[in-house]
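> Quick one: the structure is below, questions incoming.
The values are calculated or read from the model by the stated rules, or taken from the named source; none is laboratory data. Just so it is clear, the model here is predicted, and its values are computed rather than measured. With ideal geometry, Cβ positions are generated from the backbone for all residues, glycine too; neighbour counts draw on all protein chains shown. For the accessible areas, the whole protein counts, side chains as well, though only heavy atoms, and no ligand, DNA or RNA atoms are used. Shrake-Rupley method; radii C 1.70, N 1.55, O 1.52, S 1.80 Å.
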Amino acid sequence: MVHVAEVMVTFADKVICPKDPSYSTVSPKVAKWSPFFDGCIGALDGTHIEIRANKESREDMCNRKGWTSFNVLAVVDHEMRFTFVGSGMSGACHDMYVLRESQTQSNFPAPPPGMFYAADSGYALAHGYLTPYKNTRYYLQQFVEVGPSSFEEKFNHDHASIRNVVERTFGVIKNRWPILDDIPFYKRCTQSKIIIACCAFNNYLVDRKAVKEPQEQGPPVNQGFLDFCAAMPIEEMRNWISTGVYYIKSRVQLQRLQNRLPNTVNIAQQATRSN
């Protein structure tokens, strides 16, 4: 197991990275919000993966729920590929601390100016990291019975829909590799490498599927648009996006009404003739 983990980490160095480091195209997964989420290159979040710790380090590795874990940071793209995995940090560490430590690593894919990752409210709102409005409904299940009604709620709903890709990716690897639910007792660095190996396997499978089933390509990124976003204060940029996606919703509803209108008129005319 130790040797396999070592080999897979070497493999991970080649596959856990952006497919297109220049992010030259807009993902089709955010096309319906265009152009407001065109700069979104993926999502990031942390997840706790239970590990085995010896008596000396157990207290240091315990998370707030009382069990030993790594707080693993993952950055994923819209195709459910890991572009970065930060594994090995204690479960006691806050998400923001793990992100800051990860940003110091040479292989961390920092967002180019005007682009950003969707992140939840456990992270700070900053250029490159777009977070939801606080004190407002955010999680998708909160909108099941009553849909979004304000600019902030509409933004949070759409943001959660985009950021959900990282939660789904975590779900996939945990269901696919049961070892992540019961990592054997090895040295801390080896347990970390097992996690990274599973993420590397995930990317291999995603890339293999993409070869067999080519995905739709999005339009080229508008550099002028990115420059416009990069020049704005981040709070202003979020407000601008929230206003834009709110009116996209209104425009879509208007279009649907217009599409139904001719049919309604025809039915009314036929009813009039029959009378």
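> Using only Cα atoms, tell me the angle between helix 151-176 and the longest principal axis of the chain; keep it within 0 to 90° and round to the nearest 10.
40 degrees
> How high is the relative contact order of segment 1-211, in percent, with contacts defined as C-alpha pairs under 8 Å that are six or more residues apart? It would help to have the intermediate numbers written out before the result.
Numbers: 336 pairs, mean separation 55.4, N = 211.
Rounded, it is 26 percent for segment 1-211.
> Return the Rg/Rh ratio of segment 1-88 with Cα-based radii and a Kirkwood Rh. Spell out each step's value before the answer.
Working: Rg = 17.3 Å, Rh = 15.6 Å.
That ratio equals 1.11.
> Using 7 Å Cα-to-Cβ label points, what is the SER121/PHE185 separation (nm, one decimal)?
Going by the 7 Å Cα→Cβ label model, 4.1 nm.
> Another question about this same structure. Compute the distance in nm between two label points, each set 7 Å from the Cα along the Cα-to-Cβ direction, one at TRP67 and one at VAL211.
Going by the 7 Å Cα→Cβ label model, 3.7 nm.
> Quick one: dipole size for the chain, taken about the Cα centre, charges +1 on Lys/Arg Cβ and -1 on Asp/Glu Cβ, in debye to the nearest 20. All intermediate terms of the calculation are to be shown ahead of the outcome.
Working: 30 positive and 27 negative charges, 148 e Å.
Dipole size: approximately 700 debye.
> Also, I was wondering about something else. Show that you can apply the helix-only estimate: for the chain, add -39,500 (n - 2.57) for every DSSP H stretch of four or more residues, divide by all residues, and state [θ] at 222 nm to the nearest 500. Let's see the in-between values first.
Working: 7 runs with 131 residues, N = 275.
Taking each H run of at least 4 residues, the total per residue is -16000 deg cm²/dmol.
> If you average the sequence gap of Cα pairs under 8 Å that are 6 or more apart and divide by the length of segment 58-164, what percent do you get for the contact order? Kindly include the intermediate steps, with their values, before the conclusion.
Values: 143 pairs, mean separation 17.4, N = 107.
Contact order relative to length: 16 percent.
> Helix 2-15 against the longest principal axis of the chain: what's the angle in degrees, Cα atoms only, rounded to the nearest 10?
Long axis of 2-15 versus the principal axis of the chain: about 40 degrees.
> May I ask you to give the solvent-accessible area per residue for the chain, in square angstrom, as obtained with a 1.4 angstrom probe? Walk me through the numbers before you get to the answer.
Values: 15130 Å² over 275 residues.
I get 55 Å² per residue for the chain.
> Quickly work out the GLU56-to-LYS14 label distance, labels modelled 7 Å from Cα along the C-beta direction, and quote it in nm with one decimal.
Roughly 3.7 nm, to one decimal.
> For the chain, what proportion of DSSP beta bridges, expressed in % and rounded to the nearest 5, is antiparallel?
Values: 16 of 21 bridges.
If I count the DSSP bridges inside the chain, around 75 percent turn out antiparallel.
> Roughly how far apart, in whole Å, are the Cα centres of segment 92-157 and segment 171-211?
24 Å
> How tilted is helix 188-212 with respect to the longest principal axis of the chain? Cα atoms for both, answer in degrees (0 to 90, nearest 10).
Taking Cα atoms only, the helix is inclined about 40 degrees.
> I would also like to ask the following. Starting from the residue with the highest accessible area, list ASP158, ASP95 in decreasing order, probe 1.4 Å.
Details: ASP158 5, ASP95 35 Å².
Per-residue accessible area, sorted high to low, gives ASP95, ASP158.
> Could you run the Debye sum over the Cα atoms of segment 1-211, one equal point scatterer each and no solvent, and tell me log10 of I(q)/I(0) at q = 0.18 Å⁻¹, two decimals?
After summing over all Cα pairs, the log10 values are -1.34.
> Extension gain ARG100-ARG168, at 0.36 nm per residue separation less the Cα-Cα distance, in nm? Don't jump to the answer; show the numbers that get you there.
On the way: separation 68, 0.36 × 68 = 24.48 nm, distance 2.36 nm.
Result: 22.1 nm gained on full extension.
> Hey, another quick one. Might you work out the accessible area of GLU235 for me, using a 1.4 Å probe with all protein chains in place, and round it to the nearest 10 Å²?
For GLU235, solvent-accessible area is about 100 Å².
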